1. Between Glu60 and Asn22, what is 0.36 nm times their sequence separation minus the Cα-Cα distance? Round to one decimal in nm.
2. Rounded to whole Hz and in sequence order, give me ³J(HN,Hα) for segment 79-91 from the Karplus expression 6.51 cos²θ - 1.76 cosθ + 1.60, θ = phi - 60°, writing x for Gly and Pro.
3. What is the sum of charges, Lys and Arg at +1 and Asp and Glu at -1, for the other residues whose Cβ falls under 12 Å from the Cβ of Asp102?
4. Would you mind checking which residues have amide H under 5 Å from Ile45's amide H? H placed 1.01 Å from N; only 5 or more apart, or other chain.
5. Most exposed first by the Cβ proxy, i.e. fewest other Cβ within 10 Å, how do Lys85, Lys44 rank?
6. Alpha carbon centre of segment 70-123 versus segment 3-47: separation in Å?
Amino acid sequence: MTFEELIAAFGAKIGVALVADNESCVVGVDDMTVTFLHLDEADKISIYGEIGETPQDGIEELLSTMLEANHLFAGTAGATLSRDKKTGRFCLCRVEPLALLDADSFASVMESFVNTLAVWRSIVANYRPDESGAAAPAADPPPSTSFGGFLQV
């Protein structure tokens with residue numbers, strides 16, 4: 001299945017007309033934006049979403065938590081946490097081989113990705129270091145996000 005075919009099939013599965021434009025597609029899920037990019041040379045799809053701004057104070061504990069979550073994908077459901085040098089924002093990215101995906105499997109990947117993105121957005125948005133520099137407990141993870149919130153951007 002090509003990148004364009006996968007995007008169209010996934011859109012049909014969730015009831016939204018999705019069209020890949022210039023090797024990419026951007027969708028809105030609730031208050032989040034998710035970008036699909038075709039990695040042409042590797043024939044893979046990259047799924048990308050911004051988590052939020054880098055906190056100004058007491059960042060060490062949050063960075064440590066993020067590194068631990070990245071280790072063997074323990075807290076990222078197969079995705080990777082990173083920081084965009086240009087924007088200073090934290091991001092979540094997942095890469096999957098196109099040859100292994102169809103509309104159903106991609107819907108499962110997307111559900112996992114969107115739920116993980118929502119959890120990390122909540123953690124970063126609610127991050128408050130205590131006076132000792134340790135992070136305050138993160139907020140409870142948000143409820144599962146359904147695909148009914150997809151909108152083409």
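Since every read-out is calculated from the coordinates, none of them should be taken as a lab result. All of these numbers come straight from a predicted model, not from anything done at the bench. FYI the Cβ positions are ideal-geometry reconstructions off the backbone, even for glycines, and counts take in every protein chain you see.
1. 9.8 nm
2. Values per residue, Gly and Pro as x: 9, 10, 8, 8, 10, 7, 4, 5, 9, x, 9, 6, 9 Hz.
3. Numbers: positive: Lys13; negative: Glu5, Glu96, Asp104.
Surrounding charge for Asp102 is -2.
4. Leu39, Glu96, Leu98
5. Ranked by crowding around the Cβ, least crowded first: Lys85, Lys44.
6. 14 Å
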